[in-house]
1. Determine the gain in length on full extension of the stretch residue 17-residue 104; use 0.36 nm per residue of separation and subtract their C-alpha separation, reporting nm with one decimal.
2. Under 5 Å between amide H atoms, partner at least 5 residues away or on a different chain: which partners does residue 120 have, H built in plane at 1.01 Å?
3. Using the Cβ atoms and a cut-off under 14 Å, what net charge is assigned to the surroundings of residue 144, where Lys and Arg are +1 and Asp and Glu are -1?
Amino acid sequence: MGENEVKVCIHNVEGVEPVKGWYECKECGKKLRGAEVKAIKGDYSDLATGIHNVNGKVINKKEDGSVTVVSDQNVLEETKVIADGETPDPAEKEKKKPKKEKVEYEPVQLSSGATVVGPTVVIQCVDCGKDRTIKIQDKFQVTRCMDCQKKHRNKARYEKRKAKMKEKKLENAVQAAEQE
């Protein structure tokens with residue numbers, strides 16, 4: 001046998017006892033199971049509809065249950081059989097997704113002062129209405145301009161400190177009442 005030649009095994013599972021549902025080919029040792037073993041033995045009832053390659057035979061099972069078996073190697077080479085038993089549709093092969101054009105972005109100055117290259121968007125501040133340029137990926141979370149956001153954070157911190165001090169005063173009053 002030449003260097004580039006590959007030996008194709010015609011699987012022989014006659015007289016082989018299954019081990020946990022698996023049959024082992026006597027010649028190559030490949031493990032086979034289920035519908036493939038039945039098809040090798042000549043029972044095509046469990047095969048799915050479509051074209052299958054079983055032991056060098058092309059088996060075409062139709063929707064109505066009829067089975068056509070062809071053992072000619074030329075037909076086998078002409079028939080393109082893929083792993084799940086379906087033949088690829090030539091019209092489907094020609095339908096390729098159109099490639100998206102790559103957009104070249106210019107460097108843009110964000111409102112924060114950073115320079116970025118990529119998609120950007122301009123939003124309006126919910127408090128003052130001022131425009132702010134941000135990266136498109138931040139659009140779902142940014143709602144304010146830089147100045148209003150700073151004021152918002154400071155106000156939130158102030159409210160948090162105020163609530164904490166009020167709670168602390170209440171605790172001190174409760175402790176003082178308990179001591180009396």
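1. Details: separation 87, 0.36 × 87 = 31.32 nm, distance 6.49 nm.
Separation in residues times 0.36 nm, less the Cα-Cα distance, equals 24.8 nm.
2. HN-HN under 5 Å from residue 120: 136.
3. Values: positive: 130, 132, 139, 150, 151, 153, 155; negative: 127, 131, 138, 147.
Every neighbour counted, the sum reads +3.
Each reported figure results from applying straightforward, stated rules to the coordinates on display, with no laboratory input. None of the values given here were measured: they were computed from a predicted structure. Because the Cβ atoms are built from the backbone with ideal geometry, glycine has one as well, and the counts that use them run over all protein chains shown.
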